[in-house]
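Enquirer: Have a look at this one before I ask anything.
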Amino acid sequence: MNMFKKLAVVLLVLATAACTNPDRFGGGAGGAGGAGGAGADGLAGSASDPASPQFFNQTIGDRVLFAVDQSTITDQGKTIHDGQAQWLMTNADYRAVIEGHADEQGTREYNLALGFRRANAVREYLVSRGVPASRLEVTSFGKERPIEVCSNETCYAQNRRAVTVLSFSAITS
Amino acid sequence: MDYDGANVQFLTDSSSIVLAPRFSPNGDRVLYTSFESGFPRINVLNVANVGRQQLTTAQGEMAFSPRFSRDGRSVIYSLSNGGNTDIYRTEFGSGQHVRLTSAPSIETAPSLSPDGSQIVFESDRSGTQQLYIMSANGGEARRISFGEGRYGTPVWSPRGDLVAFTKQNAGRFHIGVMRTDGSEERLLTSSFLDEGPTWSPNGRVIMFSRETQGAGGTSAMYSVDISGRNLKAVPIQGGASDPSWGPLQP
């Protein structure tokens, strides 16, 4: 059994959905920054100033939700994205990364691919509304960055989302 | 760490999300998915000196779900472009890339047969996640999972006779095994969330992640014999997920 005992197992003890601290995601992706942390954190502005990222995030809305295992944009989502597209075309100095997410009901790899499908659906919609594709990037966090942590539909519904995260063109190379 | 949970060694720090580590056949390297850049990419980590390097994959917006080939000379993985995810192979030596699937659906979680000739993977081309087998060079795939529910994360057994998988059905998750033609499906576990099986080198034990329900949910690693008996938690301090069982050490 000595041979057997020397088997090694790689562990991911870090940063995965493994810890019990409800604040494990640093307060979630609320406000201006997305889960990626490379977004519009620190971009100033007031929600009443239509040219500010705050206006984009709060008044227009930076995120849309999806049905279980779906990547089709809802009518409500289209309204938000129409506003996002208009804002992005008016404020040409900004770029955006669209982050797709999934709820925890699914396997890790599939959820990454599903989140990507959702982010891409948003990108295609924004491009169809006139936003240059060159100013948009997409990524997926799968089920790794839930904003609501509970095991029922109330939370799952909030986690099945795509978030449009702004950044200055000048900042992003 | 050892298979009994002892001697844990940290290979990465917590500066970004890292996912799904996979040992090379001789245990010298580990592949994993990193979010360091904000976009999922595959890294190769040298176990001896903990040096890491990003794998230059085929052109894509996201790369994830990597596994070494049986000779350790290439990597099979998923690559995403324009909303679509397919399976690719990249050779370490030549840097050459080969696209192995080209369906508009999600193709991911590839795992090679022990002789390296075939790949089992998951795809939602039928409308839900199911398991398929194709040649290691791509081409036509045949579906092997036909039971109720969804099947994902297939892993070919070291002996070549079985495929371990994660199954979702009626709100529960299971770790199971089936023969490579899809027959003799057996579910070994059942819980709120079990996923990501890995085989012991002798093919008799499967280790996997189990997550508990609720806001205080935790993730831990469990092992179970392929008979379905002897289910037990692997004692590790702190949460853990996504185990990858390395080769026997000399």
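Since every read-out is calculated from the coordinates, none of them should be taken as a lab result. If you're wondering where the values come from, they're calculated on a predicted model, not measured in any experiment. Positions of Cβ are backbone-derived with ideal geometry, glycine not excepted, and every protein chain shown enters the neighbour counts.
Enquirer: Could you tell me which of B:F68, A:H101, B:Y222 has its Cα farthest along the dipole of the protein assembly as shown towards the positive end, charges placed at Cβ (Lys, Arg +1; Asp, Glu -1), taken about the Cα centre?
Expert: B:F68
Enquirer: Return the aspartates and glutamates within reach of A:K78: Cα separation strictly under 14 angstrom, same-chain partners fewer than 8 residues apart disregarded; answer none if there are no such residues.
Expert: Cα-Cα hits under 14 Å: A:D62, A:E124.
Enquirer: Moving to a separate point now. Once amide H atoms are placed 1.01 Å from N in the peptide plane, what residues at a sequence separation of 5 or more from B:D4, or on another chain, have their amide H within under 5 Å of its amide H?
Expert: Long-range HN contacts for B:D4: none found.
Enquirer: Place the peptides A:83-89, A:72-78 in order of packing, highest mean first, counting for every residue the other Cβ atoms within 10 Å and averaging per peptide.
Expert: With the highest mean Cβ count within 10 Å placed first, the list reads A:83-89, A:72-78.
Enquirer: Quick check of the Kirkwood formula: for the protein assembly as shown, what is the inverse mean of 1/r over all pairs of different Cα atoms, in Å?
Expert: 21.8 Å is the Kirkwood radius here.
Enquirer: While we're on this one: Roughly what would the spin-label model give for B:Q249 and A:E148, points 7 Å off Cα along C-beta, in nm?
Expert: Distance between the two pseudo-spin positions: 4.6 nm.
Enquirer: In sequence order, what are the phi-derived ³J(HN,Hα) couplings for region B:234-247 according to the Karplus relation 6.51 cos²θ - 1.76 cosθ + 1.60 with θ = phi - 60°, rounded to whole Hz, with x for glycine and proline?
Expert: 8, x, 9, 7, x, x, 7, 7, 6, x, 9, 7, x, x
Enquirer: Go ahead and estimate [θ] at 222 nm for the protein assembly as shown from helices alone: -39,500 (n - 2.57) per DSSP H run with n ≥ 4, summed, over the residue count, rounded to 500.
Expert: -3500 deg cm²/dmol
Enquirer: Okay, next question. HN-Hα J couplings of region A:97-108 from phi, Karplus 6.51/-1.76/1.60, θ = phi - 60°, integer Hz, Gly and Pro as x?
Expert: 10, 9, 9, x, 9, 10, 7, 7, 7, x, 7, 4
Enquirer: As an exercise, take the mean of 1/r over every pair of distinct alpha carbons in region B:169-211, invert it, and state the Kirkwood radius in angstroms.
Expert: One decimal place: 11.2 Å for the Kirkwood radius.
Enquirer: Hey, another quick one. Among all the aspartates and glutamates, which ones have a C-alpha under 14 Å from A:K143's C-alpha, if same-chain residues fewer than 8 places away are not counted?
Expert: A:D69, A:E99, A:D103, A:E104, A:E109, B:E195, B:E211, B:D242
Enquirer: Which of these, B:N230, B:N43, B:N137, has the largest mean-square fluctuation under a Gaussian network model of chain B (Cα springs below 10 Å)?
Expert: Highest fluctuation of the listed residues: B:N230.
Enquirer: Follow-up question, since we're still on this one. Quick one: among B:T218, B:T57, B:T153, which has the greatest mean-square fluctuation in a GNM of chain B with alpha-carbon springs under 10 angstrom?
Expert: So, out of B:T218, B:T57, B:T153, the one fluctuating most is B:T218.
Enquirer: How compact and how long is chain B, expressed as Rg and Dmax of its alpha-carbon atoms in Å?
Expert: 17.1, 47
Enquirer: Need one number: nm distance between label points at A:A133 and B:R159, each 7 Å from Cα along Cα→Cβ, rounded to one decimal.
Expert: Label at A:A133, label at B:R159, 5.0 nm between them.
Enquirer: Identify the trypsin sites (Lys or Arg not before Pro) of region B:147-182 meeting these criteria: DSSP loop state and at most 11 other C-beta atoms within 10 Å of the C-beta.
Expert: B:R159
Enquirer: List the extent of the Cα atoms of region B:1-138 along each of their three principal axes, largest first, rounded to whole Å.
Expert: Largest first, region B:1-138 extends 43, 35, 33 Å along its Cα principal axes.
Enquirer: Quantify how strongly other chains surround peptide B:80-91 by giving the mean number of their Cβ atoms within 10 Å of each of its Cβ atoms.
Expert: 4
Enquirer: Any idea which of B:N202, B:Q213, B:I175 is furthest toward the positive side of the dipole for region B:141-224, if Lys and Arg beta-carbons carry +1 and Asp and Glu beta-carbons -1?
Expert: Final value for the positive-end residue is B:N202.
Enquirer: Moving to a separate point now. Would you mind checking which residues have amide H under 5 Å from B:L193's amide H? H placed 1.01 Å from N; only 5 or more apart, or other chain.
Expert: B:F173, B:E211
Enquirer: Using the 10 angstrom Cβ neighbour count as an exposure proxy, how do A:V97, B:V224, B:V8 rank, fewest first?
Expert: B:V8, B:V224, A:V97
Enquirer: For the protein assembly as shown, what is the charge dipole size about the Cα centre, in debye to the nearest 20, if Lys and Arg each add +1 at the Cβ and Asp and Glu each add -1 at the Cβ?
Expert: For this selection, approximately 640 debye.
Enquirer: Right, here's the next one. Starting from the Cα-Cα distance between B:V50 and B:F146, subtract it from 0.36 nm times their residue separation and give me the gain in nm to one decimal.
Expert: Extra length from B:V50 to B:F146 when fully extended: 30.4 nm.
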